[in-house]
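Participant: Please find one structure pasted underneath; my questions will follow.
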Amino acid sequence: QVQLVESGGGLVQPGGSLRLSCAASGIIFSIYVMGWYRQAPGKQRELAAVITSSGRTNYLDSVKGRFTISRDNAKNTVYLQMNSLKPEDTAVYYCHPICASCDDYWGQGTQVTVSS
C-alpha cells in the first residue's frame, strides 16, 4: 500500500520560509521522479517543482530562485524548501510520484498560508 505523508506547512508572513517534507512508503522511492504540486482555492492543481531519481530538478517559473526541491533516498523522503514566500504561494501542497501508473498516489497534503 502506497502512503505519502506531507508535513511542515503552516502560517507564515510574506518573506518568510518553510520546509515541507514528504515521507513515502510502499514504493521503491529511489527510482521515481517526485513532484511537489500545489492547489490554491478555486484553482487547478499545478506542478511547482520536480526532481528526478538522479537529482535533476525543474521548477515552475513563479517559484524559481525561491523554492528548492531535494530528496533523501535513504529516508524515502522528498523536501521542498520555500524561501521569500508570497501570498500567492498560499495553497495546499502535495507530493506525488510521477509515473504512468501513479495517478492514485496522493497524500492528504499540507496547508501553506502566507499572510501578514
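The values are calculated or read from the model by the stated rules, or taken from the named source; none is laboratory data. Quick caveat, the model's predicted, so the values are computed rather than measured. Accessible surface areas use protein heavy atoms only, side chains included; no ligands, DNA or RNA. Shrake-Rupley method; radii C 1.70, N 1.55, O 1.52, S 1.80 Å.
Participant: By accessible area of protein heavy atoms, probe 1.4 Å, what ranking do Arg19, Arg38 get, highest first?
Facilitator: Working: Arg19 130, Arg38 15 Å².
Largest accessible area first, the list is Arg19, Arg38.
Participant: Can you pull the percent of the chain's accessible area that's carbon plus sulfur, 1.4 Å probe, other chains left in place? Walk me through the intermediate numbers first.
Facilitator: Numbers: 2850 of 6140 Å².
C and S atoms contribute 46 percent here.
Participant: If ligands, DNA and RNA are left out, what is the accessible area of Ile69 with a 1.4 Å probe, given in Å² to the nearest 10?
Facilitator: 10
Participant: Here's something else I'd like to know. Suppose accessible area is computed on protein heavy atoms with a 1.4 Å probe; arrange Thr57, Thr90 from highest to lowest.
Facilitator: Numbers: Thr57 65, Thr90 35 Å².
Ranking Thr57, Thr90 by accessible area, largest first, yields Thr57, Thr90.
Participant: Quote the relative contact order of segment 54-111 in percent (integer), defining contacts as alpha-carbon pairs under 8 Å separated by 6+ residues. Display every interim value, and only then the final one.
Facilitator: Numbers: 48 pairs, mean separation 13.1, N = 58.
Rounded, it is 23 percent for segment 54-111.
Participant: Just to make sure I understand: if all protein chains stay in place, what is the order of Leu11, Leu80 by accessible area at 1.4 Å, largest first? Each step should come with its number before you reach the end.
Facilitator: Working: Leu11 130, Leu80 0 Å².
Sorted by accessible area, descending: Leu11, Leu80.
Participant: Would you kindly derive the ³J(HN,Hα) couplings of segment 22-35 from the backbone phi angles with the Karplus curve 6.51 cos²θ - 1.76 cosθ + 1.60 (θ = phi - 60°), listing them in order in whole Hz, with x for Gly and Pro?
Facilitator: Taking θ as phi minus 60°, the curve returns 9, 9, 10, 9, x, 9, 7, 3, 5, 8, 8, 5, 10, x Hz for segment 22-35.
Participant: Per residue, how much accessible area does the chain show when a 1.4 Å probe rolls over the protein heavy atoms, in square angstrom?
Facilitator: Working: 6140 Å² over 116 residues.
On a per-residue basis, 53 Å².
Participant: Using alpha carbon centroids, what distance separates segment 7-71 and segment 90-116, in Å?
Facilitator: 8
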